[in-house]
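The values are calculated or read from the model by the stated rules, or taken from the named source; none is laboratory data. Being a predicted model, the structure only gives us computed values, none of them experimental. Cβ coordinates were reconstructed from backbone atoms using ideal geometry, including for glycine residues, and neighbour counts include every protein chain displayed. Side chains are part of the model used for accessible areas, which takes the heavy atoms of the whole protein and leaves out ligands, DNA and RNA. Shrake-Rupley method; radii C 1.70, N 1.55, O 1.52, S 1.80 Å.
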Amino acid sequence: MLSVLWFCLLWTFHISCKVQVKSSDIQVGDLIIVEKNQRIPSDMVFLRTSEKAGSCFIRTDQLDGETDWKLKVAVSCTQRLPALGDLFSISAYVYAQKPQQDIHSFEGTFTREDSDPPIHESLNIENTLWASTIVASGTVIGVVIYTGKETRSVMNTSNPKNKVGLLDLELNQLTKALFLALVVLSVVMVTLQGFTGPWYRNLFRFLLLFSYIIPISLRVNLDMGKAAYGWMIMKDENIPGTVVRTSTIPEELGRLVYLLTDKTGTLTQNEMVFKRLHLGTVSYGTDTMDEIQNHVLNSYSQVHPQACRSNPSSAPLRRTQSSAPKVRKSVSSRIHEAVKAIALCHNVTPVYEARAGVTAESEFAEADQDLSDENRTYQASSPDEVALVRWTESVGLTLISRDLTSMQLKTPGGQVLTFCILQMFPFTSESKRMGIIVRDESTGEITFYMKGADVAMSTIVQYNDWLEEECGNMAREGLRTLVVAKRTLTEEQYQDFENRYSQAKLSIHDRTLKVAAVVESLERELELLCLTGVEDQLQADVRPTLEMLRNAGIKIWMLTGDKLETATCIAKSSHLVSRTQDIHVFRPVASRGEAHLELNAFRRKHDCALVISGDSLEVCLKYYEHELVELACQCPAVVCCRCSPTQKAHIVTLLRQHTGRRTCAIGDGGNDVSMIQAADCGIGIEGKEGKQASLAADFSITQFRHIGRLLVVHGRNSYKRSAALGQFVMHRGLVISTMQAVFSSVFYFASVPLYQGFLMVGYATIYTMFPVFSLVLDQDVKPEMAILYPELYKDLTKGRSLSFKTFLVWVLISIYQGGILMYGALVLFESEFVHVVAISFTALILTELLMVALTIRTWHWLMVVAEFLSLGCYVASLAFLNEYFGVGRVSFGAFLDVAFITTVTFLWKVSAITVVSCFPLYVLKYLKRKLSPPSYSKLSS
């Protein structure tokens with residue numbers, strides 16, 4: 001149900017009441033004046049503009065991510081009022097639909113009550129100014145219809161969530177398992193005691209004695225490790241300008257399976273360059289544009305300026321109208337006609353940055369004098385069109401002014417040609433073409449020009465044998481193709497068309513169909529003039545980066561707000577879709593039945609990329625969510641076009657839920673923020689669209705190509721290092737707890753601590769912390785090798801570096817080593833039972849240091865320093881911590897004898913125990929590397 005917003009704009013106050021207000025104080029029904037280059041504070045209906053044409057351009061890059069400007073039209077009823085103050089003397093109201101997310105549609109009406117009869121005007125998306133967009137031309141006045149949480153931009157943002165890495169979740173599971181082991185071990189000990197005496201007190205004593213099983217220092221070590229990884233990423237000279245904005249998920253970069261990327265500004269620079277003009281028999285590229293310039297110059301200078309257009313253009317045109325045999329035109333005249341068609345068939349407006357406060361009229365008046373290229377900028381809703389008009393300017397035919405009814409071109413000789421615009425047929429996603437009917441003021445000749453996609457144009461131009469083939473060639477080069485054609489009309493033909501067109505526009509039922517039918521009557525047997533190719537320049541090294549990511553086993557999805565054709569073209573040119581792959585374009589569907597049929601058609605295709613629009617996606621997700629995601633996940637690449645910001649975030653969430661895999665989103669505009677926040681790992685690029693995305697992301701980079709190194713080098717290292725570090729810290733706690741368990745078992749399950757206070761504290765800190773933490777510097781292969789063989793990254797997604805299997809291996813190692821150390825000390829003490837603590841603890845420290853050395857794959861000088869520093873600290877502490885080395889100080893009253901430490905007996909016993917605990921592990925590791933070497937060792941050797 002549409003809600004009615006009764007604004008009863010009974011604007012009785014006077015214009016002098018113009019006041020500055022805070023955005024937060026704006027209410028529905030307020031009249032807001034927004035100057036050029038100001039951000040629009042709330043969703044408004046566009047009532048009036050200072051531009052004479054009654055329209056203005058707005059920039060929407062923070063709303064939909066597209067950097068092209070959108071043309072907005074003021075409500076004609078209020079735009080026609082003689083003066084601005086008259087807005088306050090009329091009684092009117094606006095009827096608007098309830099707030100919704102769709103930024104591409106709007107329905108409403110504007111009613112003026114105080115006229116007779118009341119004026120009703122329908123409102124659509126062209127009459128709206130959404131919040132977060134910027135006025136690019138003129139001053140606008142609008143009436144506020146939605147504020148706060150009801151604006152389109154806010155409805156398309158989502159609340160950020162706290163991100164927790166998969167590694168942290170896995171370590172949490174292992175810690176729970178260790179806690180369970182702690183409880184079980186304590187209960188077993190009390191049971192073996194026979195529940196004698198106050199058994200529950202003993203149970204708690206055992207819980208405290210074995211509490212080292214729980215790796216409390218794990219959290220600290222991991223957090224310090226994450227901070228170290230972040231520092232390494234930011235200091236990497238190969239990816240300058242990279243900022244790590246979160247210290248909790250660097251390991252996620254090493255586990256990604258899906259990368260969801262924006263198109264405009266992320267993969268492309270959004271800078272269009274005219275590359276190719278094909279006339280059927282002859283093709284011009286960037287290196288032969290000077291030939292076109294000469295042809296245009298010649299065609300305008302051959303004849304007297306007064307008749308300069310009647311000779312080359314109109315004479316041949318009239319000839320094509322008749323059914324007489326066609327005379328082959330000269331290349332020069334064909335080029336001239338093609339360039340003229342491109343210069344006329346568009347929706348571009350030249351704007352002159354003149355003095356402040358100059359009105360549109362005087363701008364156009366001085367257009368004749370001040371035509372300097374520096375002073376002129378072009379505004380259009382599509383960057384393709386601007387590229388075409390800039391190109392015609394470069395070859396000599398310049399668009400110097402345009403309003404709603406006329407257009408002026410300047411020839412190379414400086415003469416101004418005026419054309420009257422009779423009709424405009426704008427581009428729509430259904431028709432895939434745009435047309436214009438113009439009358440040449442000097443000759444009175446009426447011409448219908450049309451340009452559009454090859455699929456739409458191939459059926460309406462005269463028969464030819466080259467169009468399809470050349471379009472295919474240009475598309476393979478990644479160029480965006482447009483077919484340009486024309487038809488010359490007589491005055492009678494045009495009048496007949498205009499009458500039918502006006503009637504169709506007034507009909508109540510099936511208006512769109514009737515209008516389309518009338519326009520189609522013109523679109524027959526058009527004369528094919530040329531085929532143009534425009535390139536949307538890709539960001540640096542996009543192709544090799546995408547190829548590297550694909551080889552690393554990452555599936556790439558492109559989510560864009562752009563048109564289907566553009567998105568498909570960029571997918572090909574960036575090699576997101578390889579040349580040999582088929583592309584399945586998902587047909588527009590509106591109902592459950594259509595979606596079912598289209599999904600079945602798609603299911604029959606194998607190994608082909610999917611291209612789907614936002615509307616069809618919405619319908620499919622409504623009825624067949626699971627089926628669609630399942631099918632899409634099997635595709636090598638997926639392109640979603642015309643996506644709203646919320647849809648992008650929704651797709652990311654769906655992927656995470658259905659696949660259980662890690663996702664990464666990368667974008668550069670305000671419209672990508674929701675997607676970046678919804679993904680497991682968000683990467684923002686600082687680009688033309690501002691810093692909104694990079695500030696909301698977990699990692700901020702300056703160029704798309706940096707993502708390759710960020711994932712395959714830093715992501716891989718972070719994950720493997722954290723996995724090793726986490727398991728080693730657990731092993732450290734398990735070894736000492738095993739020794740305590742053996743000690744208690746030997747002494748009739750007494751709940752007596754083996755080691756005293758400081759030894760326990762020192763064991764986890766000063767004696768072993770530096771070598772264990774130095775594992776964050778370890779790497780299995782050099783960065784260059786990781787980039788050269790991105791396939792190494794695939795292994796990580798299986799999570800084999802940290803799993804219950806590897807965890808159990810470490811538990812068995814801990815039990816073996818703990819048992820050997822304790823039994824070895826008890827067996828070898830003979831008469832010196834008092835020295836059991838000194839022998840076992842020294843052997844334990846040495847074992848830990850040797851185990852770190854066993855785990856390391858690539859030595860770093862800091863690791864060596866850490867090993868010797870820890871050993872030095874331990875030896876030094878023996879001198880002044882001698883009282884701690886007695887066994888149960890209270891029970892035995894024995895202290896460490898410094899003389900005993902220096903004896904050969906002590907040294908050989910400690911060495912023997914250490915060798916027995918470590919040597920078998922070294923042998924096993926050596927055999928494993930020989931018999932089943934890991935993939936990275938094959939490369940490093």
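The table below lists the values:
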| read-out | value |
| --- | --- |
| Test: residue in the stretch 748-757 that is in a helix (DSSP H, G or I), among the aliphatic types (A, V, I, L, M), touching a residue at least 24 places away in the same chain (Cβ under 8 Å) and open to solvent by 20 Å² or more (accessible area, probe 1.4 Å) | no |
| Residue ranges of helices (runs of 4 or more DSSP H) in the stretch 641-708 with at least 3 members more than 25 Å from His584 (Cβ to Cβ) and touching a Gly at 6+ places or on another chain (Cβ under 8 Å) | 692-696 |
| Of all residues making up the stretch 478-510, the number that are surrounded by fewer than 14 Cβ atoms within 10 Å (Cβ to Cβ) and in a helix (DSSP H, G or I) | 9 |
| Qualifying positions in the stretch 444-469 - open to solvent by less than 40 Å² (accessible area, probe 1.4 Å) and either among the charged types (D, E, K, R) or part of a strand (DSSP E or B) (or both) | Glu445, Ile446, Thr447, Phe448, Tyr449, Met450, Lys451, Gly452, Val461 |
| Residue in the stretch 718-725 that is of a type in the set (Phe, Trp, Tyr), in a helix (DSSP H, G or I) and open to solvent by 10 Å² or more (accessible area, probe 1.4 Å) present | no |
| All positions within the stretch 107-132 that are part of a loop (DSSP other than H, G, I, E, B) and either within 27 Å of Ser89 (Cβ to Cβ) or modelled with pLDDT of 90 or more (or both) | Glu113, Asp114, Ser115, Asp116, Pro117, Pro118, Asn124, Trp130, Ala131, Ser132 |
| Check on Arg205, touching a Lys or Arg at 6+ places or on another chain (Cβ under 9 Å) and of a type in the set (Lys, Arg) | no |
| Residue identified as open to solvent by less than 40 Å² (accessible area, probe 1.4 Å) and in contact (Cβ under 8 Å) with a residue 40 or more places away in the chain among Leu192, Leu209 | Leu209 |
| Every pair of residues 6+ apart whose Cβ atoms lie under 7 Å, when the first sits in the stretch 560-576 and is at positive phi while the second is open to solvent by less than 10 Å² (accessible area, probe 1.4 Å) | His575/Leu546 |
| Residue within the stretch 7-17 that is surrounded by fewer than 17 Cβ atoms within 10 Å (Cβ to Cβ) and modelled with pLDDT of 85 or more present | no |
| Filter pass, Thr67 being of a type in the set (Ser, Thr, Tyr), modelled with pLDDT under 90 and open to solvent by 30 Å² or more (accessible area, probe 1.4 Å) | yes |
| Residue list for the stretch 158-189, restricted to those being open to solvent by less than 60 Å² (accessible area, probe 1.4 Å), hydrophobic (A, V, I, L, M, F, W, C) and in a loop (DSSP other than H, G, I, E, B) | none |
| Candidate set: the stretch 83-136, residues that are β-branched (Val, Ile, Thr) and touching a Pro at 6+ places or on another chain (Cβ under 9 Å); chosen: the one farthest from Cys643 (Cα to Cα) | Thr111 |
| Selected residue (criterion: most open to solvent (accessible area, probe 1.4 Å)) from residues of the stretch 236-281 that are of a type in the set (Val, Ile, Thr) and assigned to a loop (DSSP other than H, G, I, E, B) | Thr281 |
| Qualifying residue in the stretch 142-157 (condition: open to solvent by less than 40 Å² (accessible area, probe 1.4 Å), under 27 Å from Leu208 (Cβ atoms) and of a type in the set (Gly, Ala, Ser)) | no |
| Among the candidates Thr768, Thr797, residue that is touching a residue at least 40 places away in the same chain (Cβ under 8 Å) and surrounded by fewer than 21 Cβ atoms within 10 Å (Cβ to Cβ) | Thr797 |
| Answer residue from the stretch 32-64, given it is of a type in the set (Asp, Glu), open to solvent by 10 Å² or more (accessible area, probe 1.4 Å) and not in a loop (DSSP other than H, G, I, E, B) and is farthest from Glu121 (Cα to Cα) among those | Asp61 |
| Count - residues of the stretch 70-80 that are of a type in the set (D, E, K, R) and surrounded by fewer than 20 Cβ atoms within 10 Å (Cβ to Cβ) | 1 |
| Residue within the stretch 396-413 that is surrounded by fewer than 17 Cβ atoms within 10 Å (Cβ to Cβ), under 40 Å from the mean Cα position of the chain (by Cα) and closer than 26 Å to Thr566 by Cβ present | no |
| Condition broken by Lys805, with the remaining ones in (1) within 30 Å of Tyr874 (Cα to Cα); (2) open to solvent by 10 Å² or more (accessible area, probe 1.4 Å) satisfied | (1) |
| Matching residues, the stretch 758-780, being of a type in the set (A, V, I, L, M, F, W, C) and part of a helix (DSSP H, G or I) | Phe758, Leu759, Met760, Val761, Ala764, Met769, Phe770, Val772, Phe773, Leu775, Val776, Leu777 |
| Hey, Ala83 among the small types (Gly, Ala, Ser), at pLDDT 85 or above, open to solvent by 20 Å² or more (accessible area, probe 1.4 Å) and over 20 Å from Thr111 (Cβ atoms) or not | yes |
| Scope the stretch 110-128; condition under 28 Å from the mean Cα position of the chain (by Cα) and surrounded by 23 or more Cβ atoms within 10 Å (Cβ to Cβ); matching residues | Thr128 |
